[in-house]
Amino acid sequence: MKVNFTKQFLIKCKSPAKGRTSFHDTQEKGLSAYITSNGIITFFVRKRINGRDERTHLGHFPELSIENARKKALAAKADVAKGIDPSQEKKRLKQEITFGDMFHEFMERYSKKFKKTWEADAREVNRFMSSFFHRKACQITKIEILELHEKIGDESGRYQANRLLERVRAIYNKAIEWGWQGTNPTLGIKKFKEKSRQRFLRKDEMPSFFKALAEEENMAARDFILLALLTGARRSNVLAMQWDEVNFALSEWHIKETKNGESHIIPLTAPAIEILKERKVGSQSPYVFPGEGRRDTYPTLKRPGNGF
């Protein structure tokens with residue numbers, strides 16, 4: 001039976017005593033609906049796909065409106081024209097990995113094994129992306145990631161937003177590297193411009209700075225800052241410096257593992273060697289700067305009234 005689908009027509013449809021009764025929309029060719037004996041009305045599209053008569057269910061009335069049913073029917077027909085089998089697409093989506101599963105695989109196969117910042121990956125993605133964990137990874141859109149990036153930029157700062165964008169990008173890139181067939185939704189999303197977080201001493205500040213160092217009573221703090229200046233190494237590397245890494249004969253410091261996971265040799269100047277020799281006297285620890293074992297804690301200088 002062909003009829004123009006209207007809300008009034010579908011509401012007044014009578015249920016058959018048994019089986020189902022079908023109707024075909026005259027406005028959107030290919031869109032049909034059937035009503036069962038229990039009064040449920042279902043929209044569907046029937047097309048020939050690869051020589052088979054396939055029926056694609058679109059949804060139930062009135063949860064799915066007639067207008068949206070027509071739109072879905074048009075989209076389904078367009079997919080068929082492109083050679084896409086809607087039924088196979090539904091099966092594929094059921095088997096598709098969720099973003100939560102993708103993130104878990106990223107953590108176990110890559111982040112925990114190769115990144116020193118893996119705990120930050122776990123913390124930040126759980127904090128900002130947990131609402132996406134049950135979503136299919138292929139259905140998360142670029143506009144959703146863009147809107148989240150902008151929201152975090154407004155509420156938590158641009159630096160935080162950029163780091164999360166980098167993490168989501170890496171999660172998808174690794175999934176693609178491991179065989180996932182989808183598209184990275186972060187493609188084309190630009191990071192916010194960040195202000196430099198570096199602070200350099202001005203020329204007129206240098207005398208006050210070295211005067212404060214000379215007067216510092218905490219010898220560990222003074223030596224730490226001087227060695228950081230003399231070697232140009234990262235704070236974490238200086239804190240983790242061990243005596244077996246220092247070659248006094250060659251005036252070299254062999255860092256076993258830098259932030260990027262590689263070893264590095266730093267030449268030691270005469271002032272640096274002198275500081276190390278003084279700290280070596282009476283030392284019972286394998287570390288140049290013995291502490292509580294945390295790499296993110298470091299000696300602090302007193303702050304004189306000149307601002308240092």
Exercise for review: For segment 173-184, state whether one or more residues are surrounded by 15 or more Cβ atoms within 10 Å (Cβ to Cβ), touching a residue at least 24 places away in the same chain (Cβ under 8 Å), assigned to a loop (DSSP other than H, G, I, E, B) and of a type in the set (Gly, Ala, Ser).
Suggested key: yes
**Study point:** Of all residues in segment 241-254 being surrounded by fewer than 19 Cβ atoms within 10 Å (Cβ to Cβ) and aliphatic (A, V, I, L, M), the one that is farthest from the chain's Cα centre (by Cα)
**Key:** Ala249
Review point. Restricting segment 251-291 to residues that are among the charged types (D, E, K, R) and in contact with a Ser or Thr (Cβ under 9 Å, 6 or more places away or on another chain), which is modelled with the highest pLDDT?
Key: Lys256
Point to revise | Within segment 102-116, considering residues that are without any contact (Cβ under 8 Å) to a residue 12 or more places away in the chain and within 13 Å of the chain's Cα centre (by Cα), the one nearest to Trp180 (Cα to Cα) | key: His104
Check your understanding: Lys112: modelled with pLDDT under 85, outside any strand (DSSP E or B) and not assigned by TED's automatic domain parsing to the domain that holds Ser15, yes or no?
Key -> no
Exercise for review: Could you please let me know if Ile145 is aliphatic (A, V, I, L, M) and farther than 28 Å from Glu194 by Cβ?
Suggested key: no
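The values are calculated or read from the model by the stated rules, or taken from the named source; none is laboratory data. Keep in mind that what you see is a predicted model, and the values were worked out from it rather than measured. Cβ coordinates were reconstructed from backbone atoms using ideal geometry, including for glycine residues, and neighbour counts include every protein chain displayed.
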